[in-house]
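Beneath this line is the structure, given in structure tokens, with notes to follow.
The values are calculated or read from the model by the stated rules, or taken from the named source; none is laboratory data. In this text, all values refer to a predicted model and were calculated from it rather than measured experimentally. A quick note on method: Cβ atoms are made from the backbone with ideal geometry, for glycine too, and the neighbour counts reach across all protein chains shown.
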Amino acid sequence: MSRIWYKVTLTPESPVAVLRSRASAQFVKTQDYLPGSTVRGAFAEIFINKRGTDDPDFRSIFVEEKIFFGDFLPRFPNQLTNLIPLTARACKRFGLKGHPKSHTDLLLNHMLNAFDEENKKCPECGEPIDRVSGYFIGDGKDGEIAYLSLDRQLRMHVGISRKTGTAYPGLLFSYEMLTEGKVASGRETLPLQFVGYLSALEEDANELFEGLWKVIPPQREHLSVGKACTRGLGELRIETIEKKEPVEISFEERWEAFNRAAYEWNGSQEKCYFSITFTSHLALKDELGRPVLGNIRPYHFSLPETVELCAAFLNPEVVSGWNAAQGLPKPDTHALGRGSVLGFSAPKSLEAEIQTRLQTLETEGIGERRAEGFGRFVVCHPIHIPKQKEKN
Ligand SMILES: [Zn+2]
């Protein structure tokens with residue numbers, strides 16, 4: 001079954017703060033993206049205010065979860081953004097922002113036991129390399145990789161006493177927020193945008209999206225997300241909507257390039273190689289209902305038994321959330337964090353079977369909470385292919 005995808009661009013009209021944890025701490029950091037669940041909640045809230053929860057469109061979109069809302073990543077206008085995977089390394093001292101040439105990806109190294117890059121030094125300053133996180137500008141396929149750097153601000157507040165209506169002694173709290181204008185590579189100021197994908201199964205996509213845009217007309221309606229909506233934070237305008245698939249490079253092209261790189265790194269010609277890179281959290285449960293975290297295996301993707309897991313970069317996380325309709329916190333979900341990467345090898349004879357299986361999963365996603373953007377991955381992401389090797 002195929003899906004219809006809509007690429008949605010949101011422009012913030014105020015700073016945005018989507019808290020990383022429940023607001024029980026004195027200093028709370030913001031997420032640097034809008035989780036699918038947050039955007040979905042904002043859409044649902046408008047729907048509830050205008051039509052109520054008994055509306056048939058509301059029921060099919062939000063209760064039956066027929067539209068999937070993906071995570072919305074930050075970006076500058078007309079540029080692609082990619083989440084930096086757990087396999088990426090860069091200069092320990094100056095980072096990817098200061099020394100972009102120090103970027104290296106360890107996936108093929110680990111898959112093919114060629115550890116020569118493990119002790120690599122930054123070519124610009126000679127310092128060791130270390131883990132990096134955040135976002136790349138571009139898809140890592142052509143040209144140099146640039147680091148997306150977001151502007152953050154801290155907002156301080158004093159607690160107000162309910163009795164007197166004045167400042168409450170000893171009660172000071174603060175939260176971090178993303179500002180709407182940003183500075184790219186220290187030169188120009190560019191507006192921040194968030195881009196994400198909404199999707200539905202082909203057979204009912206037209207009807208569902210018609211219903212959605214009728215209630216929430218783009219460019220006229222505002223979404224409110226995250227912390228302190230009532231104090232003017234987190235106001236977003238729906239800038240554009242286009243019918244577009246999330247991964248622009250075809251599956252075959254990505255698979256081809258990945259295997260070519262693996263053979264250049266002395267991979268066996270009798271095998272095929274592939275990777276799975278999670279672009280959102282994965283909430284997968286085993287048959288006993290326990291979360292699948294570090295014990296993830298090829299059979300969780302229904303892959304044949306002869307498929308071998310040869311590299312795993314995993315980051316288990318606890319994800320909290322808020323249910324807008326009920327006004328209650330959602331139960332915590334144990335998930336494999338976005339950016340986790342798996343590397344596999346398999347006998348070449350199984351290549352076609354594996355490709356078919358993964359292509360379906362890549363479209364459908366896997367695990368729970370998929371309507372909120374969980375369980376999305378990219379097979380053979382071009383970000384893992386080393387640039388230097390490509391040129392040789
Ligand atoms: Zn350096």
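Look at Thr360 and say whether it is assigned to a helix (DSSP H, G or I), outside the structural domain of Arg59 (by TED's automatic domain parsing) and either more than 20 Å from the chain's Cα centre (by Cα) or crowded, with 19+ Cβ neighbours inside 10 Å (or both).
no
Restrict the check to the range 50-57 and report whether at least one residue is buried (at least 19 other Cβ atoms within 10 Å of the Cβ), touching a residue at least 12 places away in the same chain (Cβ under 8 Å) and outside the structural domain of Thr279 (by TED's automatic domain parsing).
No.
Using beta carbons and a limit of 7 Å, which pairs, at least six apart or on different chains, have the first residue in the range 211-225 and farther than 15 Å from Phe62 by Cβ and the second one part of a loop (DSSP other than H, G, I, E, B)?
Ser224/Gly234; Val225/Val18; Val225/Gly234
Would you mind telling me which numbered condition in (1) within 16 Å of the ligand (Cβ to nearest atom); (2) out of contact with any helix residue (DSSP H, G or I) (no Cβ under 9 Å at 6 or more places or on another chain); (3) at pLDDT below 80 Glu117 fails?
Going through (1) within 16 Å of the ligand (Cβ to nearest atom); (2) out of contact with any helix residue (DSSP H, G or I) (no Cβ under 9 Å at 6 or more places or on another chain); (3) at pLDDT below 80 one by one, Glu117 breaks only (2).
Does the range 155-163 include one or more residues that are hydrophobic (A, V, I, L, M, F, W, C), modelled with pLDDT of 75 or more and either under 18 Å from Lys7 (Cβ atoms) or crowded, with 19+ Cβ neighbours inside 10 Å (or both)?
The answer is no; no qualifying residue exists.
Output the residue which, of all residues in the range 65-102 that are of a type in the set (A, V, I, L, M) and assigned to a strand (DSSP E or B), is farthest from the chain's Cα centre (by Cα).
Ala90
For the range 91-101, does any single residue satisfy the condition of being away from the ligand (no atom under 16 Å from the Cβ) and over 28 Å from Ile238 (Cα atoms)?
So far as the range 91-101 goes, no, none of its residues is away from the ligand (no atom under 16 Å from the Cβ) and over 28 Å from Ile238 (Cα atoms).
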